[in-house]
1. Considering only residues of region 27-57 that are farther than 19 Å from A4 by Cα and β-branched (V, I, T), which is least open to solvent (accessible area, probe 1.4 Å)?
2. For K279, all conditions in the list (1) farther than 23 Å from Q202 by Cα; (2) more than 25 Å from the chain's Cα centre (by Cα) hold save one; what is the number of the exception?
3. Those residues that are in contact with a Phe, Trp or Tyr (Cβ under 9 Å, 6 or more places away or on another chain) and within 22 Å of Q144 (Cα to Cα), I need them from region 168-195; list them, please.
4. I need a count of the residues in region 269-297 that are closer than 30 Å to V237 by Cβ and basic (K, R).
5. Within region 3-26, does at least one residue satisfy the condition of being open to solvent by 70 Å² or more (accessible area, probe 1.4 Å), within 16 Å of V100 (Cβ to Cβ) and among the acidic types (D, E)?
6. Can you name every residue in region 58-103 that is buried (at least 18 other Cβ atoms within 10 Å of the Cβ) and of a type in the set (V, I, T)?
7. Select from region 122-142 the residues that are surrounded by fewer than 20 Cβ atoms within 10 Å (Cβ to Cβ) and of a type in the set (S, T, Y) and write down the one among them that is nearest to the chain's Cα centre (by Cα).
8. Among the residues of region 296-316 satisfying the criterion of being outside any loop (DSSP other than H, G, I, E, B) and in contact with a Leu (Cβ under 8 Å, 6 or more places away or on another chain), which is nearest to F278 (Cα to Cα)?
Amino acid sequence: DKIASSIVAQTADVPTLPWNGLDLRIDGLESLPPGSIVTVPKDLYEKGCVEDATKGVESARRIGFPVMIKASEGGGGKGIRRCNTEADFPMLFRQVQLEVPGSPIFIMKLATNVRHLEVQLLADKYGNAISLFGRDCSIQRRHQKIIEEAPASEADPDVFLEMEKAAVRLAKMVGYVSAGTVEYLYSAETGFHFLELNPRLQVEHPCTEMVADVNLPACQLQVAMGLPLHRIKDIRVLYGQAPWEANEIDFDNPSPRPAPHGHVIAARITSENPDEGFKPSGGSVNELNFRSGKNVWGYFSVAASGGLHEFADSQFGHIFAWGEN
């Protein structure tokens, strides 16, 4: 949930962009026992929601146009609209409501000339959480990723390390378990700002797997089975430990700190008509021949002699390529 995660991020002193709930914080954390899971109280959460277009306009005035109108439960390019003027706000607000019915809505300042960088998280049931480097997903169309890279080499290494530490801090604060992603907006001039936490394994996860040599779906299953991170073979090898031993690992201060190997570029394969604003298009697939190898891997949801229709998501394939640099 984008609203709740933004409130938690602010409470953890992670920078956030101006939005209608910028002053919201969870109180009383200092009185909680160590290891307690932080939740957002209902009344505090409701203060971060924009109930209607009239209140939304008021928030947008305070923040300053242009703004983004966002559905808290949206994603994949759905439930998000850029608004440049007050006159356009009611229409765009209604579009977001219709696109993600029933979702709370919030208003955020539009960030320009920024990169979309994200941190891959993995956490177990025992309070341990680690980052598995990052991805650069800045190349998008219609607010949906189309090209992804790993690692996220655009940010200064020291700055990205702070982004990783902030993501881990968030995961521990809410008691997160399994694989997840913390997304940021970044520029060299303004630094990084929290965007959202995605509580799932994202489709671009092979980017991280190929530079970390960690099988994320397998790690998810092992975490679900109750294994702590220091007992998972891929994680032990990543941290320079013997794969079949059982000693605990200092994930907060490892020596040496794990580093990504090589570079990955991923491309989403879509069926769209560029002459109509990249509108999804249908048709038959006469031939599809792709052979995955060690350093180039891909998958497709259709086969030769299959077909695509315009009523489904336009993505029907994903290709990942790894190189030394």
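1. V57
2. Of the numbered conditions (1) farther than 23 Å from Q202 by Cα; (2) more than 25 Å from the chain's Cα centre (by Cα), the odd one out for K279 is (2).
3. Passing the criteria: V182, E183, Y184, L185, Y186, F192, H193, F194, L195.
4. 2
5. Checking region 3-26: not a single residue is open to solvent by 70 Å² or more (accessible area, probe 1.4 Å), within 16 Å of V100 (Cβ to Cβ) and among the acidic types (D, E).
6. Selection gives I63, V67, I69, I80, V96, V100.
7. Checked region 122-142; the qualifying residue nearest to the chain's Cα centre (by Cα) is S138.
8. F316
The values are calculated or read from the model by the stated rules, or taken from the named source; none is laboratory data. Everything quoted here is computed from the prediction, not taken from an experiment. So basically every Cβ, Gly included, is an ideal-geometry build from the backbone, and we count neighbours across all protein chains shown. Quick note on the areas: whole protein, heavy atoms, side chains included, nothing else; ligands and nucleic acids left out. Shrake-Rupley method; radii C 1.70, N 1.55, O 1.52, S 1.80 Å.
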